[in-house]
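The values are calculated or read from the model by the stated rules, or taken from the named source; none is laboratory data. The model shown is predicted, which means the values in this text are computed figures rather than measured ones. Here the Cβ positions follow ideal geometry from the backbone for every residue, glycine too, while neighbour counts run over all protein chains shown.
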């Protein structure tokens, strides 16, 4: 049984809804899941998990949230080698460039994503929720 951390930052509740769908999918697949807001996750905790999902919306000029999420992710990125990882998040404008930039950054750091990231414009619809659940199952 996989132990999974779902770590997210959400300003409007959209990415939080996605995080809960990831949690639901991972639990349905038999994983033991802990849900954390970015401010409550200590990067040293990463060693306690087999898989980690990170969720962050697009902010500003299509970038990660810089107050809580970016510093946390920056500190944990080097600890993800050899672990399953996945990304998800919502956006209100643009075309998802922040996610492509995040994927490229992770790849350069040696992070191997276990599935395609899930993005949703604004609140996740039924298709995005199903994709988040599938992402959770892939982690488990």
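So in the stretch 91-140, with the set limited to residues that are in contact with a strand residue (DSSP E or B) (Cβ under 6 Å, 6 or more places away or on another chain) and part of a loop (DSSP other than H, G, I, E, B), which one is nearest to residue 74 (Cα to Cα)?
111
Evaluate the stretch 63-80: report whether one residue or more is under 16 Å from residue 113 (Cα atoms), touching a strand residue (DSSP E or B) at 6+ places or on another chain (Cβ under 7 Å) and surrounded by 14 or more Cβ atoms within 10 Å (Cβ to Cβ).
Yes, the conditions are met somewhere in the stretch 63-80.
Would you check which residues across the stretch 116-140 are within 13 Å of the chain's Cα centre (by Cα) and either modelled with pLDDT under 95 or within 23 Å of residue 66 (Cβ to Cβ) (or both) and list them?
Of everything in the stretch 116-140, those that are within 13 Å of the chain's Cα centre (by Cα) and either modelled with pLDDT under 95 or within 23 Å of residue 66 (Cβ to Cβ) (or both) turn out to be 117, 118, 119, 120.
Here is a check on your reading of the model: is residue 55 buried (at least 22 other Cβ atoms within 10 Å of the Cβ) and touching a residue at least 40 places away in the same chain (Cβ under 8 Å)?
Values: buried (at least 22 other Cβ atoms within 10 Å of the Cβ): yes; touching a residue at least 40 places away in the same chain (Cβ under 8 Å): yes.
For residue 55, the condition - buried (at least 22 other Cβ atoms within 10 Å of the Cβ) and touching a residue at least 40 places away in the same chain (Cβ under 8 Å) - is met.
Going through the stretch 10-63 one residue at a time, which ones are part of a loop (DSSP other than H, G, I, E, B) and under 12 Å from the mean Cα position of the chain (by Cα)? First the steps, then the outcome.
Quick first cut of the stretch 10-63, residues part of a loop (DSSP other than H, G, I, E, B) only: 10-13, 29-31, 41-42, 49-50, 56-58, 60-62.
Across the stretch 10-63, the qualifying residues are 10, 56, 57.
Going by the conditions given, is residue 67 out of contact with any helix residue (DSSP H, G or I) (no Cβ under 8 Å at 6 or more places or on another chain), outside any helix (DSSP H, G or I), over 23 Å from residue 138 (Cα atoms) and touching a residue at least 12 places away in the same chain (Cβ under 8 Å)?
Criteria not met by residue 67.
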